[in-house]
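Shown next, in structure tokens, is the structure this report addresses.
Please treat every number below as a calculation from the coordinates, not as lab data. All values derive from a computational prediction rather than experimental measurement. Please note: Cβ atoms are built from the backbone with ideal geometry, for glycine as well, and neighbour counts cover all protein chains shown.
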Amino acid sequence: MRKGVILVLFLLAAALGGCTKFWGGVGQRYGILRVVVNSPQAGSSFTSVKNIPEVATNVRLRVWHPQTRFNSVTTVDLLRDGQEVDIPIPAGDNYTVDVLSYEYDTYPLALTGGRATGVDVAADAVTNVAISLQAWDVDVSGPNEVAPEAEYTLTFFPSNGGGLLTTDTFDTATLRVSENDFSDPAIPLPAIAGTVAHAKEDRIDLTAEAPDVVDETAMYALALVQFTQDWFDYALPDPAERSMFLELPNRHMGEALHEFTVRPAVGGIVIVISGEK
């Protein structure tokens, strides 16, 4: 069982003075961002059970600043007895704290996310920030039917995910389409259909060509989205785990694949009989 509770704490203490030179220049004031992942039984007066799916194996935390370009990424194992990690954070205003749970098998796959914005970190003070995680939703727009070998475009409109959306989270995406139903997460994703596309602020447009079929054929599709490199954890020993991906719709969260049909044109012979010479 890998359910848990996430509590994000900023601990800014005068005792940090002895470590300031190690973290930054002389005079730079730092605090500690402490991420505590507890089992639901641990609890406290200011924590609550968050949305971490059973299949989740890890939590990834990103702390960043839109003006100073500070960016810190840390990965935490989800352990039965809990886990905590401390991150040095320069004192300042308007930080963004992003957290997501993910499952790691062949590659890291995001499951739920959450965000806190406008977080002010004052020197020698304590700021508590609790982040609830939510699953991503997606609406898919596109043709219900396409002709064999015809070009088509599917547009994915992601939402929720605790606010982890748009181009400060998503980078590129690929369309995965198959004539076989691959709803079971144990089934490997089909090959890339079409070309790689960059995510837009509110949607992802993916274009491909329908297969050449002679019979009406159901097609199953999803978008595999890669997070920006600001989400990569280069400290992880396994290079395959350093990146981050998201399926839309997410099979690992029990969501149904998008479906459409490839329908060949109905053929025939037209005979015109005329008495004219």
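Some notes on this structure:
- Here is the tail figure for region 163-247: Cα pairs spaced more than 20 Å apart come to 45 percent of all pairs.
- Formal net charge of residues neighbouring residue 153 (Cβ-Cβ distance under 12 Å; K, R +1; D, E -1): -2
- Ascending count of other beta-carbon atoms within 10 Å, so fewest first, for 97, 129: 129, 97
- When the GluC sites (Glu not before Pro) in region 189-249 are filtered for DSSP coil states and for at most 11 other beta-carbon atoms within 10 Å of their beta-carbon, the remaining sites are 201, 216.
- Full-extension gain in nm, residue 265 to residue 130, via 0.36 nm per residue minus C-alpha separation: 43.0 nm
- The Cα trace of region 175-219 gives Rg and Dmax of 12.7, 38 Å, the first to one decimal, the second as a whole number.
- Simple label model, 7 Å out from Cα along Cβ direction - residue 235 to residue 186, nm: 3.6
- Cβ-to-Cβ counts within 10 Å put 30, 234, 107 in ascending order as 234, 107, 30, the fewest first.
- By the beta-carbon count within 10 Å of each Cβ, the least crowded to most crowded order of 219, 253, fewest first, is 253, 219.
- Amide hydrogen proximity for residue 31: with H placed 1.01 Å from N in the peptide plane, the residues at 5 or more positions away or on another chain lying under 5 Å are 89, 91.
- Loop-resident sites, region 96-159, for GluC sites (Glu not before Pro), counting at most 14 other Cβ within 10 Å (DSSP): 149
- Residue separation of residue 214 and residue 77 scaled by 0.36 nm, minus their Cα-Cα distance, works out to 44.4 nm of gained length.
- Where the alpha-carbon atoms of region 93-194 are placed on the principal axes, they occupy 65, 27, 18 Å, in descending order.
- Dipole magnitude of region 144-222 about its Cα centre (Cβ charges: Lys, Arg +1; Asp, Glu -1), debye to nearest 20: 380
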